[in-house]
C-alpha cells in the first residue's frame, strides 16, 4: 500500500468574530484563536491518501501584539 499526504505544509488564516471561534473549533479553545486541521482520508487501488485543509481562525478584533501572540 502506498501512502500520500496532501495539504499539511501550509495553513490559511481566517479572521472571524470571537463568538465564532468556539463554534468552528468545537468549543475546545478560548476566544482568541484556534487551529482546525480538517483531515480526511480515502483509499483507492492500494493508495491511502490523507488530506488536510488546516485553518487558523483568529479573532478579527485582535490587533498588534495580541494578534501576534494568538498566532504563535
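Please go through segment 5-30 and give me each residue that is over 15 Å from residue 71 (Cα atoms) and either in contact with a helix residue (DSSP H, G or I) (Cβ under 7 Å, 6 or more places away or on another chain) or modelled with pLDDT of 90 or more (or both), ordered by number. Residue satisfying the conditions is 17 alone. Reported count of residues in segment 1-37, each being assigned to a loop (DSSP other than H, G, I, E, B) and surrounded by 11 or more Cβ atoms within 10 Å (Cβ to Cβ), is 10. For segment 38-72: of the residues being without any contact (Cβ under 8 Å) to a residue 24 or more places away in the chain and in a loop (DSSP other than H, G, I, E, B), which is surrounded by the most Cβ atoms within 10 Å (Cβ to Cβ)? The qualifying residue surrounded by the most Cβ atoms within 10 Å (Cβ to Cβ) is 38.
The values are calculated or read from the model by the stated rules, or taken from the named source; none is laboratory data. Being a predicted model, the structure only gives us computed values, none of them experimental. Neighbour counts run over all protein chains shown; Cβ positions are idealised from the backbone, glycine included.
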